[in-house]
1. Can you give me the relative contact order of the chain as a percent, contacts being Cα pairs under 8 Å and 6 or more apart?
2. Roughly how many whole Å is it from the C-alpha centroid of the range 172-208 to that of the range 23-97?
3. Once you list every other residue whose beta carbon is under 12 Å from the beta carbon of residue 10, what net charge do they have if Lys and Arg are +1 and Asp and Glu are -1?
4. Using the C-alpha gyration tensor of the chain, what are the square roots of 5 times its eigenvalues, in whole angstrom, with the largest one first?
5. Rounded to the nearest 0.05, what FRET efficiency do residue 164 and residue 64 have when you use their Cβ-Cβ distance and R0 = 35 Å?
6. Calculate the spin-label point distance for residue 10 paired with residue 135, positioning each point 7 Å from the Cα along the beta-carbon direction, and give it in nanometres.
7. So what's the back-of-envelope 222 nm ellipticity for the chain, counting only DSSP H runs of four-plus at -39500 (n - 2.57) apiece and dividing by all residues, rounded to 500?
8. Would you mind classifying the range 1-110 by shape? Square roots of the alpha carbon gyration tensor eigenvalues, ordered a ≥ b ≥ c; an a/c under 1.5 is rounded, otherwise it is prolate if a/b is larger than b/c and oblate if not.
Amino acid sequence: MVASRLAKRLLHFGLKTYGQYYQLLNNGQHPHEFQLMINILTTNETYFFREPQHFDYVKDKILKHWRGDNFRLWSAASSTGEEAYSLGMLLTEQLGSRRWEIFGSDVNTDVLDVARNGVYLMNRLENMDKHYLDTYCLKGVRSQKGYFRVDEKIRNHVQFGQINLKADLSKNLGFFDVIFLRNVLIYFDKETKQEILRRIIPMLKSGGHFFISHSETLHGLSVDLRMIKPSIYQKPRKLLNTRGFLGSR
Ligand SMILES: C[S@@+](CC[C@H](N)C(=O)[O-])C[C@H]1O[C@@H](n2cnc3c(N)ncnc32)[C@H](O)[C@@H]1O
């Protein structure tokens with residue numbers, strides 16, 4: 001897979017071997033090539049309301065009872081933005097005029113451009129409720145026929161930025177009520193998964209929820225999370241006990 005995806009870059013530069021391409025990446029003469037290579041190598045499959053049970057859980061078990069001030073959610077491998085915007089539609093319905101924001105991040109800059117634009121093909125909407133489509137998606141006409149754009153009512157609450165989960169999370173992103181980290185841990189070995197979780201889980205608020213895909217597991221990894229059901233986890237709430245000590249539940 002790596003070889004076939006990179007073959008077109010070798011062709012582009014007229015190179016014969018992957019070793020030559022590796023040298024080109026490192027010789028400093030093509031500063032944009034490294035990012036281009038990352039964009040080619042990542043797999044960005046995603047769609048609106050993927051794994052619908054997660055959206056039902058957010059709606060029924062988290063948002064219905066939420067009494068905070070600014071609900072913050074992080075889609076931590078957002079790809080082209082469908083996950084973040086699906087959650088945006090849910091949040092705007094459930095939280096009404098209360099404050100909320102979503103941050104979507106990915107290592108691939110091409111998918112982030114698509115996400116910021118918020119324009120998608122109409123034919124990839126099997127899981128989207130018609131109500132959401134009618135209320136939050138503007139259908140294209142003439143040259144835009146066959147496409148829709150996510151309404152700015154949603155887009156105004158959703159920001160995207162480049163974050164490499166394997167690098168230091170040095171940007172101060174603040175704390176989140178919910179983190180979606182779905183369909184990305186599968187690409188990493190156990191040590192890398194553990195390292196990523198070690199850096200991400202502290203960014204979850206006490207009592208906050210963490211979602212991975214149904215096809216992934218945290219089994220064998222050490223994390224300060226309680227499993228609610230497969231793929232859905234919660235960070236224990238820190239409580240002050242009667243003597244004023246911090247405990248957890
Ligand atoms: C299969 S998509 C998952 C999209 C969405 N979360 C979903 O479940 O539908 C995986 C995404 O992870 C991103 N990714 C891969 N390695 C990454 C890394 N080290 N840091 C951040 N994102 C990464 C890819 O660029 C890709 O867009």
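1. 15
2. Cα centres, the range 172-208 to the range 23-97: 13 Å.
3. Surrounding charge for residue 10 is +3.
4. Taking √(5λ) for each eigenvalue gives 33, 26, 15 Å, largest first.
5. That gives a FRET efficiency of 0.50.
6. 5.2
7. -9000 deg cm²/dmol
8. Prolate, since a/c reaches 1.5 and a/b exceeds b/c.
We did not get these values from a lab; they are worked out from the coordinates using the rules stated. Since the model is a prediction, treat every value here as computed from it, not as a measurement. Note that each Cβ is placed from the backbone with ideal geometry, even for glycine, and that neighbours are counted across all protein chains shown.
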